[in-house]
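First comes the structure, then the notes that go with it.
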Amino acid sequence: MKILSWNCRGLGPSRNVQFLNELVVQKRPNVVFLCETLSNNVKVDRVCRSLGFEGCFVVEDQGRSGGQREFRFTGIHGEPNRSLQKNTWDLLRTFHGRSTAPWSLMGDFNNVLSQGEKLGGLPYPAWLIEGFQEVVQQCGLIDLELCGHPFTWEKSRDSTNWIEVRLDRAMVSNS
């Protein structure tokens, strides 16, 4: 997944919108995050549509200052070795305990929350599912719905051994 984050310091000048368009064409991101647009939601939504993105979320400014309160973002790449997955869970618990600010996590967790998140191959080990469910519950995280194709990773496509799994996800705290 590619994420483009740009502090554009205003979308007003047409050269900024043109530059953003060139960035999107060149980098082909899945997600674009713009800050300090100094624009209302109508303009940002129009730019979003012109770039070919389906969804747009805008936090309106408050005068010349931002409208978003402080929050945490954590990018995750979970331990790929199943026997060491506990290390990822312990890290999530540690991060959870460090702040009470709203929390957003996104990335490859290298784990599933249910057997329904895997298609093909052997069943996912129950101890991995239960351990991941437990840390999600302990950290008060909400798994955001995945729109589109339900799986984010695959192996051996177009063969009898084809496996698809949802390993990538975004989660947020209730706050």
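The values are calculated or read from the model by the stated rules, or taken from the named source; none is laboratory data. Note that the coordinates shown come from a computational prediction; the quantities given were computed from them, not determined experimentally. No Cβ is skipped: glycine too gets one built from the backbone with ideal geometry, and neighbour counts run over all protein chains shown. What goes into the accessible areas is simple: the full protein's heavy atoms, side chains included, and nothing from ligands, DNA or RNA. Shrake-Rupley method; radii C 1.70, N 1.55, O 1.52, S 1.80 Å.
What the table shows:
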quantity	calculated
Label-point gap, in nm, between Thr94 and Glu145 - each point 7 angstrom along Cα→Cβ	3.5 nm
Contact order relative to length of the range 72-173, as percent, for alpha carbon pairs under 8 angstrom and 6 or more apart	33 percent
Contour minus Cα-Cα distance for Glu36 and Glu54 (0.36 nm per residue)	4.4 nm
Karplus 3J(HN,Hα) series, Hz, for the range 85-95 with 6.51 cos²θ - 1.76 cosθ + 1.60 (x for Gly, Pro)	4, 4, 4, 5, 4, 5, 5, 4, 4, 5, 4
Whole-Hz ³J(HN,Hα) from phi, Karplus 6.51 cos²θ - 1.76 cosθ + 1.60, for the range 129-135, glycine and proline x	5, 4, x, 5, 4, 5, 5
Exposed chymotrypsin sites (Phe, Trp or Tyr not before Pro) absent - longest run of the chain, DSSP non-H/G/I/E/B, at most 14 other C-beta within 10 Å	72-161
Accessible surface, the range 53-175, averaged per residue in Å² (probe 1.4 Å)	63 Å²
Within the chain, longest stretch free of exposed GluC sites (Glu not before Pro) [DSSP loop, at most 15 other beta carbons within 10 Å]	71-144
Global form of the range 124-175, assessed from the alpha-carbon gyration tensor, a/c cut-off 1.5	oblate
Alpha-carbon centroid distance for the pair the range 109-175 / the range 1-44, whole angstrom	31 Å
At R0 = 30 Å, FRET efficiency that the Cβ-Cβ distance of Ala170 and Arg46 yields, to 0.05	0.75
Sequence-separation-based contact order of the range 1-51, relative, with Cα cut under 8 Å and 6+ spacing, percent	51 percent
Neighbour net charge for Leu4 - beta-carbon separation under 11 angstrom, K R +1, D E -1	+3
Once the Cα gyration tensor of the range 72-173 is diagonalised, semi-axes √(5λ) in Å	25, 15, 11
Shape of the chain, Cα gyration tensor, a/c cut at 1.5	oblate
Neighbour net charge for Leu141 - beta-carbon separation under 13 angstrom, K R +1, D E -1	+1
